[in-house]
Structures are given as C-alpha cells and as structure tokens.
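Peer 1: Sharing a structure with you now.
The values are calculated or read from the model by the stated rules, or taken from the named source; none is laboratory data. These numbers come from a predicted model, not from an experiment. Cβ coordinates were reconstructed from backbone atoms using ideal geometry, including for glycine residues, and neighbour counts include every protein chain displayed.
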C-alpha cells in the first residue's frame with residue numbers, strides 16, 4: 001500500500017468557479033407543517049445592532065454567537081452526503097462538530113453543480129471543500145492576529161477558536177466574526193491545508209446530521225411538504241407508455257366529494273418528460289386518489305402496445321449466431337482463434353427490466369404565482385428539473401425556483417424529472433400550490449427502468465487453459481426518437497456497452513457487438529448503470545471459462561489482468577483502468593476471505609468477482625450455503641475497496657457498502673418486471689418483492705485500502721461484484737450455473 005498524500009490544491013480559477021466566493025448567505029424558501037422544525041431552519045440572526053456575521057463564501061457562515069452554519073449543496077438521497085461533505089469543510093475550518101449546523105442549499109448557480117449521481121459528489125467537491133474550510137480558517141487566524149497585534153505565525157486555530165501560543169489568549173470564532181468579515185480573501189496558493197495525519201473528523205464514524213429527525217418522524221422529505229392553502233393532486237397516465245387521452249368522464253369525477261378540478265394534460269413526445277394524462281386536484285390526497293378510482297379514460301395506446309417481454313426474448317434468441325448491427329470492438333481474428341482453440345465455451349445470459357422502487361414514491365409540490373414557478377422536490381438533479389420544466393412549459397429558467405428536499409431513496413430514479421414537470425404542468429392551471437403524489441402502483445408502472453439485456457457469449461481456451469478468444473453479441477434496448485427529422489434508436493442508460501469494458505482490451509482476439517431492440521419502455525440510470533449487470537455477466541462467464549480450464553478462479557483472473565500497471569484507453573468516463581489497484585484489492589480480498597484455504601462439503605462454496613465502477617476498485621468474495629431443497633443462504637461477504645486516499649466518514653462509508661451488498665443481493669434474488677401488451681404487469685411489493693431481513697448476508701466484512709489516489713464516491717462501486725460473487729459461489733457449492741436473473745428463475749435443488 002502507498003502512503004496517503006495531501007489532497008492536491010485546485011487552481012485559483014477552479015476555486016472561484018466551484019465556490020462562488022462572492023455568493024451571499026442562504027435563504028430558506030421552505031414552509032413546513034411543523035413550527036418546531038421551521039424554527040430550527042432559520043439561519044442565525046445577528047445578536048444585535050451592529051453585530052456582523054462572517055460569510056467568506058456561499059458555504060460558510062459564522063454568527064457572532066459562534067454558531068457555524070455550513071451549506072450542503074448536493075441532494076441528500078440517503079447516501080450521507082449532507083453529512084460527509086460539510087465534514088470536509090469543518091475539518092479544515094477547525095471547528096467542533098457540535099458547533100456546526102448543516103442546512104440544505106436550494107438550487108443556485110453560486111453552488112456550482114448540484115446533482116447527486118454516478119458517485120460523483122465526493123470526487124467533484126472533495127478538494128474544493130478542503131480549500132473552502134482552510135481559506136476561512138486562514139482569515140479567522142489573520143483577524144485574531146490583527147486584534148492582538150501579533151504576527152500571524154504565532155496564532156493557530158483549534159476547537160472553533162484562535163489561540164495565541166505565547167500569551168495563551170483565545171478568541172472564539174463568534175468573537176472574531178466581525179473582524180474576519182473585513183479580511184481580504186487570500187490567494188489559494190497561500191492557503192495551507194491540514195496534514196491528513198492531523199485530521200480529527202475525517203475517517204471517523206460520524207452520525208448523519210438528519211438521523212434524529214428521520215427516526216423521530218420529523219418532516220424532512222419531499223412528501224412532507226405543506227404550504228398554506230395547498231391542494232393535492234394525483235395523475236393518471238396511460239398504462240402503455242406514451243398513450244394519449246381520447247375521452248374521459250371528467251364531469252363525473254369533478255362532481256365527487258373534495259375534488260376541485262380534473263385536467264387533461266396533453267404531454268409531449270419525450271418518454272422521459274411530461275407524459276399525457278388526467279390530473280385530479282382535490283382538497284386532500286385521499287380525496288384525489290379516491291376520485292381517481294372512479295376515473296374512466298379511453299386511451300390511444302400507440303405502437304408500444306405491441307411490445308412484450310416474451311417477444312423481446314424471442315427476438316434476442318433469434319439473433320444467436322448472427323452479427324450485431326454495430327461492432328464495438330474487433331481485435332485480432334476471433335473466428336480463427338476460436339477454430340484453433342482447444343476448448344470453446346458458449347453461454348446465453350439474460351436479465352429483465354427492473355424498477356428503482358425507492359420507498360418514497362415520486363412527488364413534487366409546485367406553486368405558480370406572478371409568473372414564477374416554485375418547486376419543492378426530492379430530486380437528484382435539480383438543474384435538469386429546472387431545465388425540463390422551462391423547456392416543456394415555455395418558461396424562462398430564472399423564473400423557476402427549485403427547493404431541494406431530502407429524498408427517501410433515489411438509486412438514479414430522481415435524476416429524471418418527469419414528476420417535477422407533471423406537478424408544474426398541473427400548478428400552471430391551478431391558482432394555488434399543488435402537491436402531486438404518486439401511488440406505489442404509479443411508481444412501479446411508470447418508472448424509468450433499468451434496461452433488460454441479453455448476451456450471446458463465446459470463449460476460446462488454448463491447451464494450457466488460457467483465454468485466447470472472446471466474443472459477445474449484446475442485445476439491448478433503445479427508444480425511438482426523432483432528431484433533425486430522422487428517426488433513430490436511442491440506447492437507454494446502461495444499455496450501451498463500452499468497447500473498453502473489461503475484459504475487452506485484455507484479450508488479443510476479441511469481438512464485441514451490439515444489437516438494440518426497439519421498445520416503448522422509458523429507461524433511466526439505475527444504481528451503477530451498466531456495470532450493475534455487466535459485472536454479473538462477464539465475471540460469471542469468466543468463472544465458467546476458469547472452471548472449463550480447471551484453473552483456480554482467482555489465478556485465472558489475475559492472469560487475465562496481466563502485469564501492466566495501467567490499461568490505457570478511454571476506460572470509464574475517460575479514466576484508464578489501473579490494473580495494479582485491481583490486483584491489490586483482489587489479493588487483499590483473497591487473504592481476508594481465506595481463499596483456497598477452506599474445504600467445503602457439497603452445498604457450500606465460495607465465489608469471487610471484481611469490478612472497476614465509478615472510479616472505485618472493488619473485489620468481493622461470497623461464501624454461501626444451498627440446502628438440498630434449493631434454499632440459498634449467504635453466509636459471508638468479504639468486501640475490499642480502494643476508493644482513494646481518504647475515507648471521509650467511516651460510518652457513512654460502511655453504510656454505503658453494506659447497503660450496496662444488500663441491495664445487490666435483493667436485486668439478484670427477486671426483482672423482475674414482466675411486460676405484456678406494452679404494460680408493466682407488476683404493481684406493488686406483493687408481486688415485486690424486496691429483500692427482507694431473513695435473506696440478508698449473515699456477515700459482511702468491509703475493508704478499505706487507503707492508497708495514494710484521488711478520493712471517490714461509494715454509492716455505487718460496491719454494488720456490481722456481489723451478484724457474480726454469489727452466483728460463482730453457488731456453482732462452487734452445487735455445480736449449477738445461474739445465467740438468468742432473477743435467481744428465483746433457477747432451480748437450485750440438488751441431491
């Protein structure tokens with residue numbers, strides 16, 4: 001392992017761009033149905049006439065009373081970013097965590113990018129936030145030195161105060177607020193960052209700042225919003241995506257108790273935007289949803305009504321042995337290498353469409369008044385929501401205010417903004433604030449899904465059991481769109497294979513092809529897009545090849561990775577694959593799990609897998625038991641992750657890895673959607689089950705390698721290796737391969 005390095009300082013121009021030093025204080029525009037919470041949401045007022053707060057940038061405010069208010073700009077969706085990023089500022093600012101108040105920043109250009117997706121929040125903000133805190137600390141120290149009339153070098157900051165070494169005098173940050181406000185912001189190059197060995201907060205276990213409010217039921221989430229005079233809406237869309245309203249019994253529904261209005265919304269052609277439908281606006285959510293049960297709509301279902309999952313399976317099966325419509329990679333001579341191979345292995349892997357199924361259904365509150373659209377939304381991507389509302393309704397973006405609320409789960413679903421534009425379209429026609437709430441059935445049947453897929457795989461082994469040829473024909477999905485007057489298929493997120501995806505660049509003879517099938521199902525990012533299924537397919541097939549070669553699965557992978565330190569090429573988001581880092585996490589996970597040192601009776605086994613995902617290097621070993629009647633028990637999962645030089649919040653990091661392992665196992669075991677006549681069949685958790693306590697792994701061992709690389713996020717990297725590790729362990733236990741998801745589709749009984 002390499003030593004931890006000090007975070008690299010960004011340049012002055014980058015610092016200005018990311019932190020907007022001229023930004024003002026935070027204004028909270030939320031109204032809550034809780035007087036107590038509303039009182040705590042007010043940023044400290046000055047103590048009295050003439051009192052001055054210290055606001056060196058848009059993210060930090062220190063009141064004369066010494067309260068340190070830090071703004072969390074990224075959306076909080078349960079990944080802990082509302083706690084971890086302010087910890088970075090607090091560390092460099094030298095404040096006691098107990099003195100800190102965290103507030104959620106609304107959408108504003110002064111904060112820079114405010115999306116939460118792709119595990120990018122930490123790597124994007126980590127270094128700039130160090131500089132934010134250190135700059136404010138430098139200014140406070142300079143203010144104290146001026147008050148005392150001593151050299152700055154004789155002063156230091158600690159525990160929310162500045163201390164003078166020689167005289168032992170101390171001034172609290174609140175006492176220095178007015179003086180510090182007059183200090184010029186120092187040049188970034190002159191600001192000294194703390195040495196990581198002196199960190200007091202980073203790397204420690206810190207509880208989430210909202211934990212107490214969450215467990216006590218305080219209103220934090222989008223679904224909790226209450227505004228004066230607010231009305232409530234529900235929205236009926238065609239069960240076939242893109243279907244349009246022909247007729248509806250509007251007048252009959254309007255006459256129902258509590259109903260204020262019933263509106264036909266025309267919608268747009270964008271499957272990920274405003275879908276056509278009928279909105280019911282009422283005095284309560286109950287009245288709106290009760291009236292919806294009486295709504296009768298005649299739909300023009302459109303061309304997507306002919307689509308079905310069985311039809312997609314038949315189309316994909318018919319493509320076996322045929323060339324793809326596009327070639328993503330074609331190295332060497334695959335056909336010749338296959339012909340000369342000592343062994344040729346073929347397999348067909350398939351996985352279904354699945355839903356995000358976040359526990360808080362989609363919702364948004366909108367208020368259109370005096371030409372301004374104000375939105376309260378649990379969103380992962382507020383700027384996109386603002387853009388979509390503006391483009392759909394013909395409003396200027398500066399006339400759209402977005403308040404970011406905590407989300408009850410996201411997993412990529414709230415990167416979309418269809419629920420925001422629906423609420424805005426309804427509010428535009430109602431002279432009152434309106435809260436739109438989706439039902440659970442809406443959430444499952446009108447999601448932007450993780451795309452299903454099919455992989456026709458062939459592998460060739462030489463006489464020594466080495467992989468000499470690899471061929472994958474990937475059958476995926478695309479939506480029909482029109483661009484510049486021409487119709488084309490637009491591949492869904494996670495449905496477009498990168499030609500550099502492992503093991504593409506590692507094999508001399510390699511052909512990767514792709515054929516998209518047209519579907520009318522909207523698709524969107526789903527936790528660890530692409531790699532969440534590619535890891536299962538490729539790491540499982542690699543295991544098949546190792547077994548055919550009678551080779552140890554770990555050694556087979558290490559040989560495939562090779563000895564080079566870096567695999568150049570575009571990689572994930574233009575980042576090269578660091579082979580050395582992956583080899584190290586594999587070696588560590590093998591050692592921690594006791595790979596090759598345990599002997600199991602039939603019915604028990606161990607499997608291994610790895611994945612480079614969202615800048616993180618993760619390897620996992622799963623140890624499983626399978627009873628003779630086919631009951632799977634995951635006894636232990638060992639996870640080793642290399643996500644850079646510093647774990648920000650150890651509690652949050654462990655939570656993210658545990659959550660990834662459990663979420664991935666539930667996805668592997670249970671989740672699938674059927675499509676019949678263009679409709680999603682499943683409707684609620686009775687036919688779309690989530691993992692329960694009885695099925696989670698008995699033990700999850702988590703280990704982080706601290707390495708000399710930039711810090712990255714953890715919401716996604718630990719998800720992809722779980723499914724292949726478990727499936728490879730199942731094979732080791734009972735000799736059965738899992739080539740279809742979910743696992744419930746495979747009979748695991750054995751004699």
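Peer 1: For the structure I just gave you, tell me whether residue 656 is closer than 20 Å to residue 614 by Cβ and either surrounded by 19 or more Cβ atoms within 10 Å (Cβ to Cβ) or touching a strand residue (DSSP E or B) at 6+ places or on another chain (Cβ under 6 Å) (or both).
Peer 2: yes
Peer 1: What is the residue count in the range 422-444 for residues that are more than 18 Å from residue 400 (Cβ to Cβ) and in a helix (DSSP H, G or I)?
Peer 2: 5
Peer 1: Residue by residue through the range 340-370, note down the ones that are assigned to a strand (DSSP E or B) and buried (at least 21 other Cβ atoms within 10 Å of the Cβ).
Peer 2: Matches in the range 340-370: 349, 351, 354, 363, 364, 365, 366, 367, 368.
Peer 1: Looking at the range 605-718, what strands (runs of 3 or more DSSP E) fall wholly within it and have at least 1 residues that are over 22 Å from residue 588 (Cβ atoms)?
Peer 2: Counting at least 1 such residues, we get 616-626, 632-642.
Peer 1: Hey, another quick one. Going residue by residue through the range 146-167, is there one that turns out to be in contact (Cβ under 8 Å) with a residue 60 or more places away in the chain, buried (at least 17 other Cβ atoms within 10 Å of the Cβ) and over 30 Å from residue 416 (Cβ atoms)?
Peer 2: So far as the range 146-167 goes, yes, one or more of its residues are in contact (Cβ under 8 Å) with a residue 60 or more places away in the chain, buried (at least 17 other Cβ atoms within 10 Å of the Cβ) and over 30 Å from residue 416 (Cβ atoms).
Peer 1: Right, something else. What about residue 173, is it in contact (Cβ under 8 Å) with a residue 60 or more places away in the chain and within 21 Å of residue 68 (Cα to Cα)?
Peer 2: yes
Peer 1: Just to be sure, is residue 681 within 21 Å of residue 542 (Cα to Cα), in the same structural domain as residue 542 (by TED's automatic domain parsing) and in contact with a strand residue (DSSP E or B) (Cβ under 8 Å, 6 or more places away or on another chain)?
Peer 2: So residue 681 fails the test.
Peer 1: Going by the conditions given, is residue 48 assigned to a loop (DSSP other than H, G, I, E, B), surrounded by fewer than 18 Cβ atoms within 10 Å (Cβ to Cβ) and modelled with pLDDT under 95?
Peer 2: In short, yes.
Peer 1: Here's another thing I want to ask about it. Restricting the range 371-401 to residues that are touching a helix residue (DSSP H, G or I) at 6+ places or on another chain (Cβ under 9 Å) and in a loop (DSSP other than H, G, I, E, B), which is farthest from residue 108 (Cα to Cα)?
Peer 2: 371
Peer 1: When you scan the range 83-103, do you find a residue that is in a loop (DSSP other than H, G, I, E, B), modelled with pLDDT under 95 and buried (at least 18 other Cβ atoms within 10 Å of the Cβ), even just one?
Peer 2: Within the range 83-103 (the criterion being in a loop (DSSP other than H, G, I, E, B), modelled with pLDDT under 95 and buried (at least 18 other Cβ atoms within 10 Å of the Cβ)), the answer is no, since none of the residues qualifies.
Peer 1: Go through the residues of the range 285-302 one by one and say whether even a single one is in the same structural domain as residue 471 (by TED's automatic domain parsing), part of a helix (DSSP H, G or I) and crowded, with 19+ Cβ neighbours inside 10 Å.
Peer 2: no
Conditions tested, residue by residue: (1) in contact (Cβ under 8 Å) with a residue 12 or more places away in the chain; (2) within 30 Å of residue 239 (Cβ to Cβ).
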position	(1), (2)
682	yes, yes
685	yes, yes
689	yes, yes
694	no, no
697	yes, no
702	yes, no
706	yes, no
718	yes, no
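Peer 1: Which residue is farthest from residue 437 (Cα to Cα), if the candidates are limited to the range 309-322 and must be surrounded by fewer than 17 Cβ atoms within 10 Å (Cβ to Cβ) and in contact with a strand residue (DSSP E or B) (Cβ under 6 Å, 6 or more places away or on another chain)?
Peer 2: 320
Peer 1: When you look at residue 453, is it buried (at least 24 other Cβ atoms within 10 Å of the Cβ), in contact (Cβ under 8 Å) with a residue 12 or more places away in the chain, closer than 30 Å to residue 687 by Cβ and not assigned by TED's automatic domain parsing to the domain that holds residue 259, yes or no?
Peer 2: The answer is yes for residue 453.
Peer 1: Checking the structure you have, find out if any residue of the range 535-555 is over 30 Å from residue 481 (Cβ atoms), without any contact (Cβ under 8 Å) to a residue 24 or more places away in the chain and surrounded by fewer than 22 Cβ atoms within 10 Å (Cβ to Cβ).
Peer 2: Yes, that holds for at least one residue.
Peer 1: Looking at the structure I just gave you, is residue 188 touching a strand residue (DSSP E or B) at 6+ places or on another chain (Cβ under 7 Å), closer than 23 Å to residue 135 by Cβ and not assigned by TED's automatic domain parsing to the domain that holds residue 646?
Peer 2: In short, no.
Peer 1: Also, I was wondering about something else. Could you tell me whether residue 731 is in a loop (DSSP other than H, G, I, E, B) and either assigned by TED's automatic domain parsing to the domain that holds residue 605 or surrounded by fewer than 21 Cβ atoms within 10 Å (Cβ to Cβ) (or both)?
Peer 2: Against the criterion (in a loop (DSSP other than H, G, I, E, B) and either assigned by TED's automatic domain parsing to the domain that holds residue 605 or surrounded by fewer than 21 Cβ atoms within 10 Å (Cβ to Cβ) (or both)), residue 731 does not qualify.
Per-residue answers, yes or no, for (1) in contact with a strand residue (DSSP E or B) (Cβ under 9 Å, 6 or more places away or on another chain); (2) at pLDDT 95 or above; (3) surrounded by fewer than 11 Cβ atoms within 10 Å (Cβ to Cβ); (4) assigned to a loop (DSSP other than H, G, I, E, B):
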| site | (1), (2), (3), (4) |
| --- | --- |
| 179 | yes, yes, no, no |
| 183 | yes, yes, no, yes |
| 193 | no, yes, no, yes |
| 204 | no, yes, no, yes |
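Peer 1: Separate question: Name the residue, out of 106, 96, that is touching a strand residue (DSSP E or B) at 6+ places or on another chain (Cβ under 8 Å) and touching a residue at least 24 places away in the same chain (Cβ under 8 Å).
Peer 2: 106
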